Amino acid sequence: MSVAPPQLPAALPHSMALGELTEVHPLSANEHWSRSSVIYQIYPRSFRDLNGDGIGDLPGITAELHHLAALGVDAVWLSPFFTSPQRDAGYDVSDYCDVDPLFGTLADFDALVSRAAVLNLRVIVDLVPNHCSSEHPLFAAALAAPAGSTERELFIFRDGLGASGELPPNDWESHFGGSAWTRTADADGGPGQWYLHLFDSSQPDFNWDSPRVHAEFERILRFWLDRGVDGFRVDVAHALVKAQGLPNWGGRADGGSSKGFPGHRAPMFGQPALHDIYRQWRKVLAEYGQDKILCAEANVDPLDRLADWVRPDEMHQAFNFPYLNAEFSAPSLRAVVDASLGSLGRVGAPSTWVLSNHDVVRHVSRLGLDGQLPRGGDGIGPGDVQPNLELGRRRAAASSLFMLGLPGGAYLYQGEELGLPDHTTLDHGHRQDPTFGRTGGERIGRDGCRVPLPWRAEDTNVGFSSEGTPWLPFPKSWRALARDVQAADDRSHLALYTGALALRRDLRLGAGSLAWAERYCSDSSLAYLNGNTLVVLNTSGAPMDLPAGDVLIRSDSSAAPTDQLNSGETIWLSPVLEVG
Ligand code: GLC
Ligand code: CA
C-alpha cells in the first residue's frame, strides 16, 4: 500500500516553533463516519431505572438520551439487553432476538432507536457469538439429545479422559476461574459427556465448525439490522473458532497472568478461520448500506496481528486494549500510539482509543494506584490498597484529554465523563460477577466498575431509580459527582468532556493526523500536532514550559499560568507559529 505524503501545512514554520516533527499517520481521504467516531458505551442495568425495580432499563435510556447528545458523542453502544438468566450480566443470552423483561420490550427498543435518530445518535448493539446461555433452547435440546446427535453438534461436547471419562477433555481453564469444561448427566442420570465454556459454566461455547451456527448468527444480524441498528460490537471476537483437536494449552483460557498474553499462540484464540466469518458478516451488513459497522472486542496481541481484523473487507474497528493497558507515562503512551497508528494504518484502518469499559477498573481508580492492580486486575476490593482518588482524577482528566485529541475513533464508558471511580469498598455480599464466586473470592471481579450512574444529587438513589433498591449500592461520595451538579459547574469533569468533544468535532481531530512535536517530547512529556492543534501532556512531577499559543482547553481548570503546564496535566493549544 502506498503511503500518502505528509499533509502538514507549511512544515518549516511548524518546525521552527515546535522542533522537529515526526509524522505518524497521514491524513486519509476516507470519510466513513466510524473512522473518527466517539462511541459511548451504555451498560443498561446501571444507566437509569425508570420502572423502579432497581435495575436500569431501555425506557430509562430513552428518557436520558438527550444528555448524551449534549455530551457530544456520535453513537451509543448498548451492552446486552437480550433475554438472559443474567448469570454474566446479560452476556449469557437465551434469546438473541428479544428484550429481557428486566430491560423492557422490543417496542421499548424501537422507541429508543427512534429517539436516538431524533437526537442524531447512532445505535450499536452487542452481539455475543462465542457462547449462549445454558438456558438457550438450542443448548437445552443438545443436553436432552444423546452424544453424537445433530443437536450436540452446535456446541463443543466431548467425552472425558480417564478410565470412566471422569477427567475433562483437555486442560483449558475458564476465563472466570476453574475448568473450562462441565460434565453433563445422561438421560438415565449417569455421568455423560463434557461441554466447553471459556467463561462461566452457564455459557456453553458454540461450535463454529457447524454451518448451522453461521446461519443462525446471520439471521440474528438481519433481525437487528431490520430494526434499524447501526452496527454491532462483537463480544470475544477472537475466540469463536478453536484449533482442531482442542490441544492442551496449560491453563487459563485467556492466557492468565502466569503466561503473559498468549496472542495468536493459544488454541482458542485468533484462529485463521475467524476472518472468513467476519468477511461474511461484512457482506450481510453491506446489504443494508455502507454505514453499518462491526467492531471487534478482540484481545489480540500484538497490534500487528490485530490489524488483520480491520482489513478493508472485515471489521471497521477493533478495541485497542494495548492502549487501555498502557501506563501513564510518556514512553508507554508514545509507543502504543506509534504501534497503533502504524499497524492499523498499514491496512488502511483508523485506530480506536479506549480507557475504560465494564470489564476493567475505571481509569480514575486505576491511575490513582501507583503500583500494580491487585489479583488479576479486574477489581479492587475493600481489603486492597485503595486508590488515591485525587491523583487518579487528575491523571484521568489528563489521559482523557490526551486521548480525545488523537485521530481515529474513541470509546467512552458510561460515567467516565463524570470522573467516576470504581466502588472499591463494596461489600462482598453484593457481588454478582461470576469471577468472584468461581475463584472463591481470590479475584474480586468487575462489579466495582458497574455501579449505577448518579444523575441528580437531591433525588432518591441519586436519581438512578426513584423507588427500589439499586442492584449495586452507591459509594458514599457519589452525590457530589451527580450529573446535575457537574452540569452546573464549568470546571467539572463533565464540562471538560463536553468541551473537548465539541472542540474535537469542530477541529475535525478524529479525522486528522498526528505528528510528534519533538521539542516538547521527553521521558516525562508528550506533544503532538493534529491539524493546527497542539496537544501536550506532562507526566513529570514538575510544571513544564509551553510554546506560545491560545489555550483551547486544559485538563486542570484551576491551572493559572498559560505558559506553563502542571504536573499530570494535558492542554490543547493553538500554537502561535513563528514564520521563519
Ligand atoms: C466479554 C464481555 C464480558 C463478558 C465476556 C463473556 O469480554 O465484555 O463482560 O463477561 O465477554 O461474554
Ligand atoms: Ca428497571
Query raised in the report: What nm value, rounded to one decimal, do you get for the distance between H32 and V385 when each label is placed 7 Å out toward the C-beta?
Result: 4.3 nm
Query raised in the report: Where nothing but the Cβ of Lys and Arg (+1) and of Asp and Glu (-1) is charged, how large is the charge dipole of segment 386-522 around its Cα centre, in debye to the nearest 20?
Result: 380 debye
Report task. For helix 389-404, report the angle its Cα long axis makes with the longest principal axis of the Cα atoms of the chain; keep it between 0 and 90° and round to the nearest 10°. Result -> 80 degrees
**Report entry** Theoretical gain in end-to-end length, D186 to D490 [0.36 nm per residue, Cα-Cα removed]
**Finding:** 103.0 nm
Report summary line: Computed over the chain: longest principal axis from alpha-carbon atoms vs helix 330-346 long axis, angle to nearest 10 degrees, is 70 degrees
Query raised in the report: Quick one: helix 211-226 against the long Cα principal axis of the chain, what's the angle to the nearest 10°, folded into 0 to 90?
Result: 50 degrees
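At R0 = 60 Å, how high is the FRET efficiency between D459 and S164 if r is their beta carbon distance? Nearest 0.05 is fine. Please list the in-between numbers first.
Numbers: r = 60 Å, r/R0 = 1.00.
The pair D459/S164 has a calculated efficiency of 0.50.
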Report summary line: Highest mean packing first, using Cβ neighbours within 10 angstrom, the peptides 290-299, 393-402 sort as 393-402, 290-299
Query raised in the report: Where the accessible area of segment 137-196 is counted over protein heavy atoms with a 1.4 Å probe, how much of it, in %, is carbon and sulfur?
Result: 59 percent
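On full extension of the chain, what length is gained from D209 through D523, given 0.36 nm per residue of separation minus the C-alpha to C-alpha distance?
Numbers: separation 314, 0.36 × 314 = 113.04 nm, distance 4.87 nm.
Computed gain between D209 and D523 is 108.2 nm.
Evaluate the charge dipole of the chain about its Cα centre and quote only its size in Debye, nearest 20, assuming +1 on the Cβ of each Lys and Arg and -1 on the Cβ of each Asp and Glu. Provide the component values of the computation, followed by the final result.
Values: 47 positive and 72 negative charges, 130 e Å.
With only Lys, Arg, Asp and Glu charged at Cβ, the dipole is about 620 debye.
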Report summary line: Descending packing, highest mean Cβ count within 10 Å first, for 231-243, 157-169, 345-357 is 231-243, 345-357, 157-169
Query raised in the report: Using θ = phi - 60° and the Karplus form 6.51 cos²θ - 1.76 cosθ + 1.60, what ³J(HN,Hα) does each residue of segment 200-209 get, whole Hz, x for Gly and Pro?
Result: 6, 4, 7, 10, x, 6, 6, 9, 7, 7
Requested in this report: Provide the net charge surrounding V241, with neighbours chosen by a C-beta distance below 13 Å and charges set as Lys +1, Arg +1, Asp -1, Glu -1.
Outcome: -2
Report summary line: The farthest towards the positive end of the charge dipole of the chain, of the residues V364, Y520, A396, given +1 on Cβ of Lys and Arg and -1 on Cβ of Asp and Glu, is Y520
Report summary line: Using the Cα gyration tensor of the chain, the equivalent ellipsoid's semi-axes, largest first and to the nearest Å, work out to 40, 27, 23
Report task. At 7 Å along the Cα-to-beta-carbon direction for both E135 and D506, put a label point, then send me their distance in nm to one decimal. Result -> 5.0 nm
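Efficiency by 1/(1 + (r/R0)^6): what FRET value for D370 and D53, r their Cβ-Cβ distance, R0 = 51 Å, to the nearest 0.05? Kindly include the intermediate steps, with their values, before the conclusion.
Details: r = 40 Å, r/R0 = 0.79.
Calculated value: 0.80.
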Report summary line: Once S332 and S149 are pulled to full extension, the length gained, defined as 0.36 nm per residue separation minus their Cα-Cα distance, is 60.7 nm
**Report entry** Karplus-derived HN-Hα couplings along segment 347-358 (A = 6.51, B = -1.76, C = 1.60, θ = phi - 60°), whole Hz, x at Gly and Pro
**Finding:** 9, x, 9, x, 8, 10, 9, 7, 10, 8, 7, 7
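The values are calculated or read from the model by the stated rules, or taken from the named source; none is laboratory data. Note that this is a predicted model, so its numbers are computed, not measured. Positions of Cβ are generated from backbone atoms using ideal geometry, with glycine treated the same way; all protein chains shown enter the neighbour counts. Areas reflect the complete protein model, heavy atoms only, side chains present, ligands, DNA and RNA absent. Shrake-Rupley method; radii C 1.70, N 1.55, O 1.52, S 1.80 Å.
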